[in-house]
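Novice: Take a look at the following structure, please.
Taken together, the values in this text are just the output of simple stated rules run on the coordinates, not laboratory data. Owing to the predicted nature of the structure, the values given are computational and were not obtained by experimental measurement. So basically every Cβ, Gly included, is an ideal-geometry build from the backbone, and we count neighbours across all protein chains shown.
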Ligand SMILES: NC(=O)c1ccc[n+]([C@@H]2O[C@H](COP(=O)([O-])OP(=O)(O)OC[C@H]3O[C@@H](n4cnc5c(N)ncnc54)[C@H](OP(=O)(O)O)[C@@H]3O)[C@@H](O)[C@H]2O)c1
């Protein structure tokens, strides 16, 4: 019998890609907020607001998942800063509900947390570093991590670095999709020089999350690429790889831009633990970028031409 995998946030950038990578050992249950296009006959689709607790419980017990990859969240830092009640409800409250449900049912929980929960003063963070959030989004994720640790014994907190890739559905939270559309039309794209990251490509990330759903590891793990660089340099390297002039990439400092929530400077993650525990190798920026562009090419070639 197949294992049942519940993926929340389907229709978003990360979850869409994870779901599409699940192999045939999983029966995929894709839960989206608004209606997602039902493109796969082998998926079961669910729709609803996870903040509706009664609906969440009903859906969970109907599915009775063996594992849950919880990617749904309000992930826009500025939106969270100005909509704190809503952000806390979905990012922390729903994660706590799911942790309790997983504990009651015996399902394994894989919670998508973030690199942004560190203050960015030191960089190269390891799993045992205490979080030090500097904006409300990060606070909601720290509280969610605490709920996962408190309520779910069979759980993984996966702290994701900046995710690089092209979404399977819609555009979601993919900066690469937005960037390549802008470059195609000759527009400049602005990246902060002060933000140092260890970007991970969405395909490697999907493989790692699915591996964690299937293996025995529990605890905190950093899922991050092996290239550490600032976002302006990252933008230049991507532009070059896409065949555009780096003149279209401009640098800025995200913490002098008016009306924005504070951003941590260096939240690069140390990925040695992932390297030791997972069969999925963490990749360099170039390897990850090549991988997502090849997958996109393959997807385009497979689509029927009119
Ligand atoms: N992308 C990154 O670089 C990155 C980095 C670190 C961590 N993460 C974490 O990874 C996870 C996935 O991020 P992402 O980039 O895929 O974000 P995304 O594209 O914004 O997807 C998040 C999804 O969650 C759904 N959602 C929000 N509120 C909901 C609710 N009340 N009920 C049901 N669904 C709800 C959204 O649906 P609607 O839009 O339809 O409301 C959206 O489809 C998040 O937990 C994020 O914090 C992402």
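Novice: Name the shape class, rounded, prolate or oblate, that the alpha-carbon gyration tensor gives for the range 184-302, where a ≥ b ≥ c are the square roots of its eigenvalues, rounded holds for a/c under 1.5, and otherwise prolate holds if a/b is larger than b/c and oblate otherwise. Display every interim value, and only then the final one.
Specialist: Working: a/c = 2.43, a/b = 1.32, b/c = 1.85.
Oblate, since a/c reaches 1.5 and b/c is not below a/b.
Novice: Can you sort 272, 302 from fewest to most other Cβ atoms within 10 Å of each residue's own Cβ? Write out the running numbers ahead of the final one.
Specialist: Working: 272 12, 302 7.
Arranged by neighbour count, lowest to highest, 272, 302 become 302, 272.
Novice: Which whole-angstrom value gives the distance between the alpha carbon centres of the range 116-149 and the range 169-219?
Specialist: So the two Cα centres are separated by 19 Å.
Novice: Please compute one quarter of the surface area of the Cα convex hull for the range 226-294 and express it in square nanometres. Mind showing how you got there, number by number?
Specialist: Details: hull surface 24.9 nm².
Taking the Cα atoms of the range 226-294, their convex hull projects to 6.2 nm² on average.
Novice: Fewest first, what order do 181, 198, 92 take by the number of other Cβ atoms within 10 Å? Walk me through the numbers before you get to the answer.
Specialist: Details: 181 12, 198 26, 92 20.
Ascending Cβ contact count within 10 Å gives the list 181, 92, 198.
Novice: Right, something else. For 50, 56, which order do you get if you count the other beta carbons within 10 Å of each Cβ and list the fewest first? Could you put the intermediate results ahead of the total?
Specialist: Details: 50 22, 56 19.
In increasing order of surrounding Cβ atoms, one gets 56, 50.
Novice: A further question follows. Using only DSSP helix segments of four residues or longer, with each worth -39500 (n - 2.57), what per-residue ellipticity at 222 nm results for the chain after dividing by its residue count and rounding to 500?
Specialist: On the way: 11 runs with 118 residues, N = 306.
My calculation for the chain gives -11500 deg cm²/dmol from helical runs alone.
Novice: Now, a different point. Please report, for the Cα atoms of the chain, the Rg to one decimal and the Dmax as a whole number; what are they, in angstrom?
Specialist: In order Rg, Dmax, the Cα atoms of the chain give 18.6, 55 Å.
Novice: Looking at the chain only, what percent of DSSP beta bridges run antiparallel? Nearest 5 please.
Specialist: Numbers: 2 of 40 bridges.
Here the antiparallel bridges make up roughly 5 percent for the chain.
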